[in-house]
Amino acid sequence: MTRRLLSAAGACNALSRFVLAGLDRFAIRLACHERRLIGLSLMRLVIGFATILYCLADYSNRQFLWGPHAYNSPSTASAQIPHAGFSLYLVSDSRAWFELLFHATILTSAAFMIFGGRVLTLVQAVMMWSLHYRNQDLLEGGDNLAQILIIFLTFTVSNAYFAPGAKKRRERLLASDRPPTVSTVLHNLAAFLIVFQTAVLYFAAGYWKTFGKVWQDGVAMYYISRETEFRMSATFAHLMGNAYLGTAVSHATIFMELAFPFALMSARPWLRKANTLALEGMHLGIAAFMGLVCFGLLMIGADCVCLRDDDYRSMWRRAQTRYARLATSWPPETRSRRASPLTGSAPRVSGSPLRKGAHDHV
């Protein structure tokens, strides 16, 4: 009996040492240096750009949709706001106040997209929440995720890339002699929560799709393409009318969403990158074929954080290698006329509608 007790006590001590060692490694990993800087910077760009598009898509109808005398009255909008929500648009019924606040939202989103930083992130969150809660009839679904993720983004360094002074900021953050700080821990915890929230969202969406009869039968995309509530593309409806293609897309959607959390935890980078890029392609298709541009952009922004900095660097090196190989195959007289895709300007393409006209909801 005594021998069994000693062996059990030894097993408990070994387990506790293993757990404590794991916690120590996790704490050191959190405090060493900021991670996922590229993905967070991309998400900053996407949120700012999507908010600007949301405002400009129905700029001429802004008084009817969000103004003090909009069809959705301030009293109705106040009753629809959740317990912890608020909207600066409901502070006053002055038209001048609305115009000032609406245009300030556009300017704040542009500054947030260009410069970033914790202060601008907080201001962007307030402006975005206020606009969303003023008229919830116009929301497309991605706003729920954006309202959560921008809270986490406030604690991160979201301007380490694609912002003025980003290079010096990165050198300071990634310096080898930099001591651990609380801000580093908060940054990494917030980045982890963004990834965790996105993974839970995809897994829950895929899980509930498995119980849907139309998803099990593979006809979900056919019925979605026939919806009249959204601005559906005729090409999309024609493609989903094919039984084989519609079934393949329906089942592939479930597979990608269910596999996403496991791909993120995988030790194989190619699996993580392939699954994330496939989901981003799916959201690009939603934006192009269903007209839900802001929803697609916000989901892509969340997906960007799920890839690590090393993943982006490896994809960038691969793109440079492919471009170098392609450049060697060009005729000598053509090479001098072609601009590098990394520094030259891209050709202009005609844009599709930003999103469904908000007045169509009424």
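At a Förster distance of 45 Å, what's the computed FRET efficiency of Arg95 paired with Glu227, Cβ-Cβ distance as r, to 0.05?
Efficiency for this residue pair is about 0.80.
Note the per residue figure in Å³ for the convex hull of the C-alpha positions in segment 82-126.
74 Å³
So how do Leu56, Leu138 rank on accessible area, 1.4 Å probe, biggest first, that is with the largest at the start?
Solvent-accessible surface, decreasing: Leu56, Leu138.
Each residue of segment 63-74 in turn: what ³J(HN,Hα) in whole Hz from Karplus with 6.51, -1.76, 1.60 and θ = phi - 60°, glycine and Pro shown as x?
Rounded to whole hertz, the list is 5, 6, 9, 10, x, x, 10, 6, 4, 8, 4, x.
Once you keep just the Cα pairs under 8 angstrom separated by 6 or more residues, what percentage relative contact order results for segment 73-173?
Relative contact order for segment 73-173 comes out at 32 percent.
Once the piece of chain linking Ala288 and Ala267 is laid out straight, how much longer is it, given 0.36 nm per residue of separation minus the C-alpha distance between them?
Result: 4.3 nm gained on full extension.
Got a number for carbon plus sulfur as a percent of segment 99-214's accessible area, 1.4 Å probe?
73 percent
Suppose accessible area is computed on protein heavy atoms with a 1.4 Å probe; arrange Trp66, Trp270, Trp129 from highest to lowest.
Sorted descending by solvent-accessible area, the residues read Trp270, Trp129, Trp66.
What does the accessible area of Arg178 come to, in Å² to the nearest 10, when a probe of 1.4 Å is used?
For Arg178, the solvent-accessible surface is approximately 50 Å².
Given an 8 Å cut-off on Cα distances and at least 6 residues of separation, report the relative contact order of segment 21-125 as a percent.
That works out to 32 percent.
Over segment 160-255, what lengths in whole Å, largest first, do the semi-axes of the equivalent ellipsoid take, defined as the square roots of 5 times the eigenvalues of the alpha-carbon gyration tensor?
Value: 45, 18, 11 Å, ordered largest first.
According to a simple spin-label model (label point 7 Å from Cα along Cα-to-Cβ), what is the distance in nm between Ser73 and Ala324?
In this crude label model, Ala324 to Ser73 measures out at 6.8 nm.
Ignoring ligands, DNA and RNA, please state the percent of accessible area on segment 219-269 from carbon and sulfur, probe 1.4 Å.
That fraction is 66 percent.
Hey, can you find the accessible area per residue of segment 23-181 for me, probe 1.4 Å, expressed in square angstrom?
Accessible surface, normalised per residue, equals 47 Å².
Any idea of Val46's accessible area? Nearest 10 Å², probe 1.4 Å.
30 Å²
Over segment 200-264, what relative contact order in percent results from Cα pairs under 8 Å that are six or more residues apart?
Result for segment 200-264 is 49 percent.
The values are calculated or read from the model by the stated rules, or taken from the named source; none is laboratory data. Remember, it's a predicted structure, so these values are computed and weren't measured experimentally. Heads up, the Cβs are rebuilt from the backbone with ideal geometry, glycines too, and the neighbour counts pull from every protein chain shown. In case anyone asks, the SASA skips ligands and DNA or RNA and just uses the protein heavy atoms, side chains included. Shrake-Rupley method; radii C 1.70, N 1.55, O 1.52, S 1.80 Å.
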